[in-house]
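The structure appears below as structure tokens.
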């Protein structure tokens, strides 16, 4: 008897499992077709010499790790990695500072900010503009004889137009600034969601104990916000590593000046444009490894301090 | 209720982020195909179309087509030919020429037209970053197997990369013999326009209606003020070679003018007068005359006698107006007529204050060649379009009158040059045709290579950093090699 009931029980489980799998099927099919197969074939093709010379297709010929060797032995890839990071940090630091500040203000019940909804929408708006259009706009604004230079020269601040896009510092800063503008609203909303999840009685208790606003922020808000904060950091890092559209459009795909705004993905795009699939496959794999290592490191570093007093 | 609205708004915002995130991540992958995506959907893979059955033996298609082309039926398409004529190009130019001048062409909408019963489909893919060439590379080699309505019938090429398609093995552009065009048909054309599209075995595989010899286009008012004359022959004395040109630049600078809008203006003048091609075998080489461009240009930029703008940008365009303070541009007839804002009130062109002289060295710029694609199912129509657009004197004359192109017909240009009543309004009544005709005779196209477009584009980009003082010359050359290596992995230096 006992065996029979057990059997019936387990068959019920199997029956429900079946539905689980069926409901998962669409995801698995889509994932397999658009993610897994391309992913595996990218790795596979990275071991081949496979490009087009004029109208002739060269390869695919198996060449082992030759693509990786030629990529890694060339200093260029490290330079593009550095470019990518510098521009990401230039955008991320102001982004996280402003977002934290805004989120703290929005979530602080004692401030009773008016028109919160309006501002939340407004700061989000830049993200709704296509990055390409945004970059095009900045390209025009900061052109050598564009409106910004015209204002600076006519108001006597500059004697002659400053070539924003021909100087490494200003070109990178522009990319950073645009990424900041586009993403700080999004980050604010994420952080705000995290802060609103914090129990309000903790703040009240702290206030009763006489804590200052700064103390409340650093000792209550930040520690409890950590999971969301880590999420923001890692997604932004991955997004930063994949930075492409803004610098691509702003510098017309050239990464000017002196290839100092050339990001890793722009480099990848150059290879793809000449249909050099082997080399771009290898570059994608390297990118995957870099992203993996960095995400792991950030995750470890930020969650290790979980056991605070 | 209010809360609901807020939450819906937030949710919408979050969803949008998700999508935005997707867009960003997918952008690099999507970029290449998007840029290559043709304006119409005719690039559909060959195997998708059921019509493929009708041509059980695609390989036989081309020879069969030749037989059809042979009969002396050169006015209309043969009845048994394809119903769709596909034309690949990179801008509107040829489309507007055909629309305006090809007898019997009817415009349907922006990317389609009709010639008799045949539908004409235009596919426009921009040139930049090799997008147009990559698109051709994808479709031409398999053109013979494509479904009848998808077959490319005509594609256009520029001199910068014409050889790549002319010398392709197996051929992708039909030879004049295959099309049934004889030497006598095209006797009245400039030799250089034929040299560019003649393959290694001497077969001609394309035709052009333009002879794009070019010159120095100067601002008459500035010439009068600084040089004391506005007559083309006298101004020529001030720009007759590069040393004199540089000296004149100093005088112009003192008067507050830039000698040219950008260093990239003079690039083609130097690059047309090279003594060796960009690529020898698979080795990239930099010609002394290109090095001279770098040297001269660096001096001009350092002296603030010109700028480093990219051609076609808003900064570069400023000189089309008196406030731009630019003395001269280098360019052919089409630049004067289409690109210099002649229709805009207040521009120099609108006031008719440009002049044209030869400049330091003869050169040409641009020009479009019409090629019949191997595998076409409309060979007799292709032949007729090529002949009508490039040899029919009445059509060429119309093109001169309506579009002011410098056409590929020495005899017509001679007539125009002799016509004292003719004068270009933009050039202040000057008749430029004698000079353009002389220039076309002098163009020497023996040093072109398959890789010219990518090399020219990358070289100018790389040198900009040097002119701006951001890197030294060696570093700029190295950046050039890197960029070319990305475009053409098989090349070395």
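Here, each number is a calculation from the coordinates, and none is a lab measurement. What you see is a predicted model, and the numbers here were worked out from it, not measured in a lab. Virtual Cβ from ideal backbone geometry, glycine too; neighbours counted across all protein chains shown.
Can you figure out the FRET efficiency of residue A:207 with residue A:113, using R₀ = 25 Å and their beta-carbon distance, to the nearest 0.05? Mind dumping the intermediate values first?
Working: r = 18 Å, r/R0 = 0.72.
Using R0 = 25 Å, I get an efficiency of 0.90.
For segment B:366-383 and segment A:134-185, what is the centre-to-centre distance using only Cα atoms, to the nearest Å?
Each part reduced to its Cα centre gives a spacing of 46 Å.
Please arrange A:298, B:382 by counting, for each residue, the other beta carbons lying within 10 Å of its beta carbon, fewest first.
Numbers: A:298 15, B:382 25.
The most exposed by this proxy come first: A:298, B:382.
What is the pair-distance distribution P(r) of the protein assembly as shown, computed from all Cα-Cα distances in 20 Å bins starting at 0, with each bin given as a whole percent?
Whole-percent P(r) values from 0 Å outward: 13, 39, 33, 12, 3, 0.
Label residue B:183 and residue A:218 with points 7 Å out from Cα along Cα→Cβ: what is the distance between them in nm?
Taking the simple label geometry, residue B:183 and residue A:218 are separated by 9.1 nm.
Separation between the residue A:74 and residue B:255 pseudo-spin-labels, each 7 Å from Cα along Cα→Cβ, expressed in nm?
Taking the two extended label points, one gets 4.8 nm.
Evaluate the distance, in nm, between pseudo-label points positioned 7 Å from the Cα of residue B:91 and of residue A:35 along their respective Cα→Cβ axes.
Each label point lies 7 Å from its Cα, and together they span 4.5 nm.
How large is the translational diffusion coefficient of segment A:129-221 in µm² per second when you combine the Kirkwood radius over alpha carbon pairs with Stokes-Einstein at 4 °C and 1.567 mPa s? Walk me through the numbers on the way to the answer.
Values: Rh = 16.9 Å.
It comes out at roughly 77 µm²/s.
What per residue convex hull volume, in Å³, comes out for segment A:71-308 when only alpha-carbon positions are used?
157
What's the exposure ranking of A:29, B:348, A:198, going from fewest to most Cβ atoms within 10 Å? Each step should come with its number before you reach the end.
Details: A:29 10, B:348 24, A:198 15.
So the ranking, lowest neighbour count to highest, is A:29, A:198, B:348.
May I ask you to sort A:226, B:97 by Cβ crowding, counting other Cβ atoms within 10 Å and putting the fewest first? Could you put the intermediate results ahead of the total?
Numbers: A:226 15, B:97 21.
Fewest to most other Cβ atoms nearby, the residues stand as A:226, B:97.
Helix-only estimate, please: 222 nm mean residue ellipticity of the protein assembly as shown, summing -39500 (n - 2.57) across DSSP H runs of length 4 or more and dividing by its residues, to the nearest 500. Display every interim value, and only then the final one.
Values: 32 runs with 409 residues, N = 802.
It comes out at -16000 deg cm²/dmol, rounded to the nearest 500.
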